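K.L.:
First, the structure itself, so that you have it in front of you.
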Amino acid sequence: MVKYPSWIEERNGVLWLTEDDRDHLKVSYRLKNIIFSEQSPIQHVMIVESDDFGRMLVLDGVVQTTAMDGHIYNEMITHVPLQLHPNPKRVLIIGGGDCGAAREVTKYETVEQIDMVEIDELVVSSCKKHLPEVSGNLNDPRVNFIFTDGLQFAREKTDEYDIIIVDSSDPVGPAEALFEYDFYQHLHHALKKDGILVCQSQSPIFQQKIVKQTRKNFEKLFSYAKTYTAVVPTYPGGMWSFTIGSKVSPIHTSLVKGKHVETHYFNQEVLQNCFALPEFLKRIVPND
Ligand code: SAM
């Protein structure tokens, strides 16, 4: 008999993945099969084929990205800062092991170097091999993979990057430190004098504390800070938040001279509108 991890169950000959990362909500996905399953020194890494979402990356039983909607998240975490910055050359990505964010950044010709700091090499190798819908089989020579802890890496950098993107998993285990003020302080230091920092800041429906705290942390460090959203069906609650901070330039999308990129979700209208927040969010993170 096959021994599955605790989040996989076989019912009447059908495999189900049940995401149970918080104690009051469980989400189950019907699977066609399991493509890859291995324990790394950091976490359990799985790539599965689901009915509705296609292939999915699952870390410790939590869905990270899918072939169906991974592009929405990856385009929104990258193109917003890359369009806002006048001349992005050096980009740092922390996390992002599925390679989807790096793949989007390579669409900009001005970018000369992309340092991708991922704690778990197995996430990168498995996504490159089994999740090409997201990773795009990334082999652009500008991408420099560094397999280490993002916090450790950030501590040692000063005045190096135009843009830093924190594409982390949920704030548990190795990613917990990636949501703290100390970490953002190091990243602020690692940015050039006109640098921009963006991070995923969790669900505005279920994790409002994190949305608010992240924004507060950014406001302490940056002259300008804002919160924007996108709809990513895979993530519980659907709506997802991103927090962005800029050292010197106001975050005004009307000032952007749109750079053309091939995308599936992002465009100039989405950029103009993603900072428009519903009333409940305006009360906690107003974008004035
Ligand atoms: N888009 C996804 C989401 O919001 O759920 C997350 C994308 S990506 C798969 C997250 C990556 O962050 C994982 O591959 C994980 O290994 C990596 N990660 C977690 N903690 C880290 C750390 N301290 N340093 C570097 N990478 C880290």
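K.L.:
If you stretched the chain out fully between residue 181 and residue 35, how much longer would it get, using 0.36 nm times the residue separation minus the C-alpha to C-alpha distance?
P.N.:
48.8 nm
K.L.:
Multiply the residue separation of residue 18 and residue 220 by 0.36 nm, subtract the distance between their alpha-carbon atoms, and state the gained length in nm to one decimal.
P.N.:
68.9 nm
K.L.:
Can you list the residues of the stretch 177-201 with backbone N under 19 Å from a point 7 Å past the Cα of residue 87, pointing along Cα to Cβ?
P.N.:
Residues 191-197 fall inside that zone.
K.L.:
Calculate what fraction, in whole %, of the accessible area of the stretch 8-64 sits on carbon and sulfur atoms when a 1.4 Å probe is rolled over the protein chains.
P.N.:
42
K.L.:
For the residue pair residue 261 and residue 137, what label-to-label distance in nm results when each label sits 7 Å from Cα along the Cα-to-beta-carbon direction?
P.N.:
About 2.2 nm, to one decimal.
K.L.:
Holding the Cα-Cα limit at 26 Å, pick out from 129/247; 157/216; 89/247; 157/226; 107/212; 209/247 the pairs that are longer than that. Provide the component values of the computation, followed by the final result.
P.N.:
On the way: 129/247 38 Å; 157/216 23 Å; 89/247 16 Å; 157/226 24 Å; 107/212 31 Å; 209/247 24 Å.
Where the Cα-Cα span goes over 26 Å, the pairs concerned are 129/247; 107/212.
K.L.:
For the stretch 8-64, which semi-axes, largest first and in whole Å, follow from the square roots of 5 times the eigenvalues of its Cα gyration tensor? Walk me through the numbers on the way to the answer.
P.N.:
Working: eigenvalues 58, 45, 21 Å².
The three semi-axes for the stretch 8-64 are 17, 15, 10 Å.
K.L.:
Now for a different question. What distance in nm separates the simple spin-label points at residue 156 and residue 28, each placed 7 Å from Cα in the Cβ direction?
P.N.:
Placing both labels 7 Å beyond Cα along the Cβ direction yields 4.7 nm.
K.L.:
What's the Cα-based Rg to Rh of the chain, Rh via Kirkwood?
P.N.:
Rounded to two decimals, Rg over Rh is 0.95.
K.L.:
If I model a spin label as a point 7 Å beyond the Cα along the Cα-Cβ vector, how far apart are those points for residue 112 and residue 272 in nm?
P.N.:
Result for the modelled spin labels: 3.4 nm.
K.L.:
Nearest 500 deg cm²/dmol is fine: what mean residue ellipticity at 222 nm does the chain get from its DSSP H runs of n ≥ 4 alone, each adding -39,500 (n - 2.57), divided by its residue count? Don't skip to the answer; put the middle values down first.
P.N.:
Details: 9 runs with 77 residues, N = 288.
That calculation yields -7500 deg cm²/dmol at 222 nm.
K.L.:
Extension gain residue 193-residue 4, at 0.36 nm per residue separation less the Cα-Cα distance, in nm?
P.N.:
63.1 nm
K.L.:
What percentage of all Cα-Cα pairs in the stretch 45-188 are separated by more than 23 Å?
P.N.:
Taking all Cα-Cα pairs of the stretch 45-188, the fraction more than 23 Å apart is 31 percent.
K.L.:
What dipole magnitude, in Debye to the nearest 20, does the chain give about its Cα centre under +1 on Lys/Arg Cβ and -1 on Asp/Glu Cβ? Walk me through the numbers before you get to the answer.
P.N.:
Values: 29 positive and 39 negative charges, 154 e Å.
Here the size comes out at about 740 debye.
The values are calculated or read from the model by the stated rules, or taken from the named source; none is laboratory data. In this text the structure is predicted, and so the values were computed from the model without any measurement. Neighbour counts are summed over all protein chains in view; Cβ atoms, including those assigned to glycine, are modelled from backbone coordinates with ideal geometry. These area figures cover heavy atoms from the full protein model, side chains too; ligands, DNA and RNA do not enter into them. Shrake-Rupley method; radii C 1.70, N 1.55, O 1.52, S 1.80 Å.
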